[in-house]
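Written below as structure tokens is the structure these notes are about.
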Amino acid sequence: MAKMVLIEAHPLLRLGLWQILSKLDDVWEIEGMGLADVSKADGAHAGADLLIYGLPVDNEEAWSTLHEIQRVLSPKRILLLTDVMPLPMPVQGLPGASVYGCLMKTASVEILEAAIRLVMAGGQCFPSEQALQAPAQAACALPARELDDGAARGSMPMSAGAQLLQITPRQYEVLVLLARGYPIKTVSRMLNISVATAKTHACTLYQRLHVKNKGEAVYAALQRGATLEWHEPNGRDVDAGQLYGRKLG
């Protein structure tokens, strides 16, 4: 069984990516962790066939953690996911020879899957050489999303999130709870709706986001800038895990 390790600071994006990766046809043993978990990783995480590393916005942290990853985990191949192109350092400056590719976090699920299969086949998946040059020489650069280790820094009411994704507020509520890993029966109970209605909302939002499952839905929503926060009637944004007494790991 091939081993894959996923390192991503943002917990919702990590969950969405993990759910997407778990749907691949290949037989994978998939482990997910945050940046703070790297130094505490044990031998079970070492020597992975593929390590997918979501680069933090902070450049210094991104590359120092990459050095630590290679030292502690010694993965055979690394695929970088980034919020910004060009990379803050040229590809020649990347530590070690195990970095096989780099992909935008906003890439579609199909592109992500294709990149993983290419890298696992021994190929490389980098943008054009121009995109990997130093920023001063680059043709363009995309703005980085500001994500911290817990949730998006910006606050977004339910109505704004629903409008952004072009789904109804109720469908957005369903998506927020599914993003925390709640099964559909629990979602229906939390929202005081029937299981059949909850399933209908889920299926409809999948169709509108052009995805197949909740993992892809979370990934697509975060790509588009939704924070997937819970917005209480009194106007205070809270994490749905806190609202229902459960933390996302």
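The values are calculated or read from the model by the stated rules, or taken from the named source; none is laboratory data. What you are looking at is a predicted structure, and each value in this text was computed from that prediction instead of being measured. Positions of Cβ are backbone-derived with ideal geometry, glycine not excepted, and every protein chain shown enters the neighbour counts. What goes into the accessible areas is simple: the full protein's heavy atoms, side chains included, and nothing from ligands, DNA or RNA. Shrake-Rupley method; radii C 1.70, N 1.55, O 1.52, S 1.80 Å.
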>> Quick query: amide H of ALA2 versus all other amide H atoms, modeled in the peptide plane; which residues come in under 5 Å with a sequence gap of 5 or more or a different chain?
In response: GLU29
> Sorted by accessible area (1.4 Å probe), largest first, how do SER108, SER98, SER74 line up?
Replying inline: SER74, SER108, SER98
> How much net charge surrounds ILE184 when only other residues with a Cβ under 12 Å from its Cβ are counted (Lys, Arg +1; Asp, Glu -1)?
Replying inline: +4
> Counting only the backbone N, which residues of the range 96-119 are under 18 Å from the spot 7 Å out from the Cα of LYS23 toward its beta-carbon?
Replying inline: 105-117
> Near SER64, within a Cβ-to-Cβ distance under 13 Å, what is the net charge of the other residues, with Lys and Arg +1 and Asp and Glu -1?
Replying inline: -3
>> Report, in listed order, any pair from LYS23/LYS199; LYS76/LYS185; LYS40/LYS199; LYS105/LYS199; LYS40/LYS212 with a Cα-Cα distance greater than 31 Å.
In response: LYS76/LYS185; LYS40/LYS199; LYS40/LYS212
>> Ordering TRP18, TRP63 by accessible area with a probe of 1.4 Å, largest first, what comes out?
In response: TRP18, TRP63
